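Reviewing the structure listed below.
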Amino acid sequence: MANKISFFVICTILCGISAVLGQLTHRKFEYKLSFKGPHLVQKDGTIPFWEHGGHAIASDESIRITPSLRSKKGYVWGKNKLTSESWEVEMTFRVTGRGRLGADGLAFWYTSQKGEEGPVFGSSDMWNGLAVFFDSFDNDAQHNNPYIMAMTNDGTKQYDHQTDGSAQQLGGCLRDFRNKPFPVRAKIEYHKKALTLFFHNGMTNNREDYELCLRAENVYLPAEGYLGVSAATGGLADDHDVLSILTHTLNEPSAPGAPGSVPEEERRKFEQEFNEYRDKLERAKDDYRKEHPDAKTDDTEDEDKWYESQQQRELKQIFDGQNMIHTVIRDLNRKIDEVIGRQERTISQISMINSGNTGQVVQQPPAGGNQGGQAYVDTIKRHEVETVIQNGRDILNTARDLKAMVNSVSQKVGQGGAAPPSGYENQASQHEVRDSLVNLQNDIKHLINKPAAVPVCPVIETPKCVSSTLLLVFLAVQTVIFIGYMAYKSSKEAAAKKFY
Ligand code: MAN
Ligand code: CA
Ligand code: CA
C-alpha cells in the first residue's frame with residue numbers, strides 16, 4: 001500500500017515538474033566556454049579552452065588580468081565561439097587596491113572577433129558586440145564611479161575614455177566593486193534579445209545575493225561571438241583578478257531541434273516503455289509473494305527499516321555517549337575501591353606496628369604503591385624524646401658528680417704526699433673513699449638499670465649520651481688511684497711503725 005502511495009506521489013511530482021519544464025528554458029553548462037579554479041591552469045601554464053596575454057598571469061585559483069602596477073593591460077579570451085542565441089555568463093572577480101581610488105577597470109566582452117591589447121580597458125576599440133565595463137576611475141570627474149555599464153558596438157564607435165563613455169552606454173548602475181570581503185559577481189543574461197545584468201556586491205558569500213543592474217530589450221548582438229575579459233591600469237592601479245567564468249546556453253525546449261528537447265512521438269514511446277516495465281516489475285513481485293508466502297516482505301516497501309530518522313540518529317549518538325561515560329565512571333569506581341582497600345590495609349598494619357614496637361623507628365613500605373619513592377619512617381613520639389633527654393641530663397649530672405669526686409680524691413692524694421696524715425685521718429679518709437666508691441657503684445648500677453626502662457636511642461639526632469666506655473675508663477682510673485692510694489698509705493704506715 002505504502003509503495004502505491006509513494007508511486008502516485010512521485011508521479012504527481014514528475015508530472016508537475018514536466019509541466020513546469022515545458023514552460024522553462026533549458027539551461028546547459030558550456031564547459032568549453034568556462035573556467036574555474038582550483039587547478040585553473042595546466043602544467044604548461046595554459047588555461048584549457050582559453051588563451052591569455054598582455055600582463056595577465058594565470059594561477060591555480062584565478063587569472064590576474066592586471067597586477068596593481070601602473071599602465072598595465074591584460075586579457076583572456078575563449079578559444080571557442082558561443083553559438084547559442086541565448087546565453088548566460090556568470091563572472092566572479094575581485095578588484096583590489098591599497099588606494100582609496102583605483103584604476104582603470106575591467107571589461108567583459110562578447111564580440112564577433114577576439115580583441116587584442118588595446119585602449120579600451122586593455123582591449124581593442126571599435127569592437128562588434130557587447131562590452132560590459134566595470135569602470136573604477138572617474139575620468140570625467142562626475143563623481144559617478146565606480147560604475148558598471150553595458151555598451152554595444154557594431155564596429156564603428158570609439159569608446160570615449162575621457163567621459164567614461166557616459167553618452168555611449170546602453171545602461172548601467174553605480175556600484176562599488178572594489179575591495180569587497182567576498183568576490184563580486186556579474187551575471188550577464190542575453191535571452192530573447194533582451195540583455196539583463198545582475199550584480200552581486202561581494203558583501204556576502206551567498207551566491208544568490210544578486211541585484212538587478214540593468215535590463216535592455218531589443219538588443220541585437222552578433223549571432224556568434226567570443227567571450228573575453230580584459231583590464232587596464234593607468235596612473236593609478238588595481239589588481240584585477242577573475243576567479244571564474246561559467247557559461248550556460250539557454251534553449252527553448254519546445255523549439256524544434258533545440259538541443260535537449262525530445263520530440264513528442266519519442267516522449268510517448270519512452271513513457272509507454274516505462275509503464276510496461278513498471279507493470280512487469282509489479283507482476284513479478286506479486287508472483288514471488290505467492291510462491292514464497294513465508295518469505296519476508298520486501299523491505300523496500302518499508303523504507304523506515306532501511307533509513308534512520310534524524311531524531312533516531314541523534315538519540316543513538318546520545319545513547320552511545322552515555323554508554324561511554326558509564327563505562328568510564330565504572331572503571332573509576334573500581335580504581336577508587338582498590339585505593340581505599342590498600343589504604344585501609346596499610347593503616348591497620350601501621351597501627352599494629354605502632355602498638356607492638358612503641359618508640360622504635362619502623363621502616364614500612366607505603367600504601368597505594370609509592371614504588372621508587374622514599375621509604376616510610378615511623379617517627380619517635382614527643383614523650384619518648386623527652387624521656388631520652390631527661391636520661392641524658394641525669395647521666396650528665398652523674399658524670400659531673402663523678403668528676404667532682406675524682407677531683408676531691410686527687411686533691412686528697414696530693415695533700416697526703418705533702419704531709420702524711422695521722423692514723424685517725426687515714427682511717428677517715430679510707431672510709432670516705434670507700435663510701436665514695438660505694439656511691440659510685442650505686443650510681444653506675446642505677447645508670448645501667450635506667451636505660452632498660454626507656455626507649456633505645458633513635459637513629460635521629462638526640463642529645464649526646466655518656467657512653468659506657470667512658471664510664472669504664474672513669475671506673476678504671478678510680479680503681480687505679482684507689483689502689484695507688486692504698487699502697488701509698490700502707491707504705492707510710494709501715495714507715496711510721498718502724499719509726500715508733
Ligand atoms: C591617468 C591616465 C588615465 C587613467 C588614470 C587612472 O590619469 O593614465 O588614462 O584613466 O590615470 O589610471
Ligand atoms: Ca573611467
Ligand atoms: Ca565618471
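The values are calculated or read from the model by the stated rules, or taken from the named source; none is laboratory data. Worth saying up front: this structure is predicted, and the values here are computed from it rather than measured. Here the Cβ positions follow ideal geometry from the backbone for every residue, glycine too, while neighbour counts run over all protein chains shown. When the accessible area is computed, the model is the full protein with side chains, heavy atoms only, and any ligands, DNA or RNA have been set aside. Shrake-Rupley method; radii C 1.70, N 1.55, O 1.52, S 1.80 Å.
Can you tell me which of (1) part of a loop (DSSP other than H, G, I, E, B); (2) of a type outside the set (S, T, N, Q); (3) within 14 Å of ligand 1 (Cβ to nearest atom); (4) more than 15 Å from GLY234 (Cα to Cα) is the one GLY99 doesn't meet?
Just one mismatch for GLY99, condition (4).
Say whether the condition of being within 14 Å of ligand 2 (Cβ to nearest atom) and assigned to a strand (DSSP E or B) is met by at least one residue in the range 59-78.
Within the range 59-78, the subset within 14 Å of ligand 2 (Cβ to nearest atom) is none.
No, every residue in the range 59-78 fails to be within 14 Å of ligand 2 (Cβ to nearest atom) and assigned to a strand (DSSP E or B).
Restricting attention to the range 287-294, does a residue exist that is within 25 Å of LYS28 (Cβ to Cβ) and either surrounded by 10 or more Cβ atoms within 10 Å (Cβ to Cβ) or modelled with pLDDT of 70 or more (or both)?
Going residue by residue through the range 287-294, those that are within 25 Å of LYS28 (Cβ to Cβ) are none.
No, that holds for no residue.
Checking LEU82 against (1) aliphatic (A, V, I, L, M); (2) open to solvent by 70 Å² or more (accessible area, probe 1.4 Å); (3) in contact with a Gly (Cβ under 9 Å, 6 or more places away or on another chain): exactly one of these is not met. Which one?
(2)
Report, ordered by the first and then the second residue, all pairs with beta carbons closer than 7 Å, sequence separation of six or more or different chains, a first member in the range 212-236 that is within 16 Å of ligand 3 (Cβ to nearest atom), and a second member that is modelled with pLDDT of 95 or more and among the polar types (S, T, N, Q).
ALA232/THR66; GLY234/SER71
Being away from ligand 2 (no atom under 13 Å from the Cβ) and out of contact with any His (no Cβ under 9 Å at 6 or more places or on another chain) is the requirement here; does LYS187 meet it? Give the derivation first.
Details: away from ligand 2 (no atom under 13 Å from the Cβ): yes; out of contact with any His (no Cβ under 9 Å at 6 or more places or on another chain): no.
Against the criterion (away from ligand 2 (no atom under 13 Å from the Cβ) and out of contact with any His (no Cβ under 9 Å at 6 or more places or on another chain)), LYS187 does not qualify.
Does any residue in the range 32-49 that is more than 19 Å from GLY225 (Cα to Cα) and in contact (Cβ under 8 Å) with a residue 40 or more places away in the chain come within less than 9 Å, Cβ to Cβ, of a residue that is open to solvent by 30 Å² or more (accessible area, probe 1.4 Å) and of a type in the set (S, T, N, Q) six or more places away or on a different chain, and which pairs are these?
GLY37/SER59
Going residue by residue through the range 131-139, is there one that turns out to be modelled with pLDDT of 95 or more, within 16 Å of ligand 1 (Cβ to nearest atom), of a type in the set (A, V, I, L, M, F, W, C) and closer than 24 Å to GLY225 by Cβ?
There is at least one residue in the range 131-139 that is modelled with pLDDT of 95 or more, within 16 Å of ligand 1 (Cβ to nearest atom), of a type in the set (A, V, I, L, M, F, W, C) and closer than 24 Å to GLY225 by Cβ.
Please identify the pairs in which a residue from the range 141-169 that is over 23 Å from ALA194 (Cα atoms) has its Cβ atom under 8 Å from the Cβ atom of a residue that is among the charged types (D, E, K, R) and not in a loop (DSSP other than H, G, I, E, B), counting only partners at least 6 apart or on another chain.
What qualifies is ASN145/ASP135; PRO146/ASP135; PRO146/ARG178; ASP164/ASP135.
Of a type outside the set (A, V, I, L, M), modelled with pLDDT under 65, loosely packed, with under 10 Cβ neighbours inside 10 Å and assigned to a loop (DSSP other than H, G, I, E, B): is that true of GLY373 in this structure?
Details: of a type outside the set (A, V, I, L, M): yes; modelled with pLDDT under 65: yes; loosely packed, with under 10 Cβ neighbours inside 10 Å: yes; assigned to a loop (DSSP other than H, G, I, E, B): yes.
Judged against the criteria, GLY373 is a match.
Charged (D, E, K, R), away from ligand 1 (no atom under 11 Å from the Cβ) and over 30 Å from ASN251 (Cβ atoms), is that true of GLU90? I'd like the intermediate steps shown before the answer.
Values: charged (D, E, K, R): yes; away from ligand 1 (no atom under 11 Å from the Cβ): yes; over 30 Å from ASN251 (Cβ atoms): no.
Criteria not met by GLU90.
Name every residue in the range 114-163 that is of a type in the set (Ser, Thr, Tyr) and in contact with a Leu (Cβ under 6 Å, 6 or more places away or on another chain), in order of residue number. Break it down stepwise before answering.
Let us first name the residues in the range 114-163 that are of a type in the set (Ser, Thr, Tyr), namely 123-124, 136, 147, 152, 156, 159, 163.
Listed by number, the residues that qualify are TYR147, THR152.
Against the condition within 49 Å of the chain's Cα centre (by Cα), surrounded by 15 or more Cβ atoms within 10 Å (Cβ to Cβ), more than 16 Å from ligand 2 (Cβ to nearest atom) and among the hydroxyl-bearing types (Ser, Thr, Tyr), how does TYR210 come out, does it pass?
On the way: within 49 Å of the chain's Cα centre (by Cα): yes; surrounded by 15 or more Cβ atoms within 10 Å (Cβ to Cβ): yes; more than 16 Å from ligand 2 (Cβ to nearest atom): yes; among the hydroxyl-bearing types (Ser, Thr, Tyr): yes.
So TYR210 fits the description; yes.
Right, ILE188: within 14 Å of PHE108 (Cα to Cα), within 16 Å of ligand 3 (Cβ to nearest atom), within 47 Å of the chain's Cα centre (by Cα) and modelled with pLDDT of 95 or more or not?
Answer is no for this residue.
For the range 236-247, which residues satisfy the criterion of being open to solvent by 30 Å² or more (accessible area, probe 1.4 Å) and away from ligand 2 (no atom under 16 Å from the Cβ)? Explain how you work it out, then say what you get.
Of all residues in the range 236-247, those open to solvent by 30 Å² or more (accessible area, probe 1.4 Å) come to 236, 243.
Within the range 236-247, LEU243 is the sole residue that qualifies.
If I filter the range 135-145 for residues that are small (Gly, Ala, Ser), surrounded by 18 or more Cβ atoms within 10 Å (Cβ to Cβ) and within 13 Å of ligand 2 (Cβ to nearest atom), do I get at least one hit? Walk me through it before giving the result.
Here is the first cut: in the range 135-145, the residues small (Gly, Ala, Ser) are 136, 141.
From what is left, the residues that are surrounded by 18 or more Cβ atoms within 10 Å (Cβ to Cβ) are 136.
Next, from what is left, pick out any that are within 13 Å of ligand 2 (Cβ to nearest atom): 136.
Taking every residue of the range 135-145 in turn, at least one turns out to be small (Gly, Ala, Ser), surrounded by 18 or more Cβ atoms within 10 Å (Cβ to Cβ) and within 13 Å of ligand 2 (Cβ to nearest atom).
May I ask you to say which residue of PHE182, PHE199 is in contact (Cβ under 8 Å) with a residue 12 or more places away in the chain, within 19 Å of PHE93 (Cβ to Cβ), aromatic (Phe, Trp, Tyr) and open to solvent by less than 30 Å² (accessible area, probe 1.4 Å)? Quick ask: steps written out before the conclusion?
Working: PHE182 fails: open to solvent by less than 30 Å² (accessible area, probe 1.4 Å).
Within the list PHE182, PHE199, the selection yields PHE199.
Quickly run through the range 151-179 and pick out the residues that are of a type in the set (A, V, I, L, M), away from ligand 2 (no atom under 15 Å from the Cβ) and open to solvent by less than 20 Å² (accessible area, probe 1.4 Å).
Start the filter on the range 151-179 by keeping residues that are of a type in the set (A, V, I, L, M), which leaves 151, 167, 170, 174.
Narrowing further to those that are away from ligand 2 (no atom under 15 Å from the Cβ): 170.
Across the range 151-179, there are no qualifying residues.
How many residues are within 51 Å of the chain's Cα centre (by Cα), away from ligand 2 (no atom under 16 Å from the Cβ) and under 18 Å from TRP87 (Cβ atoms) if we restrict to the range 102-118?
The qualifying residues number 2.
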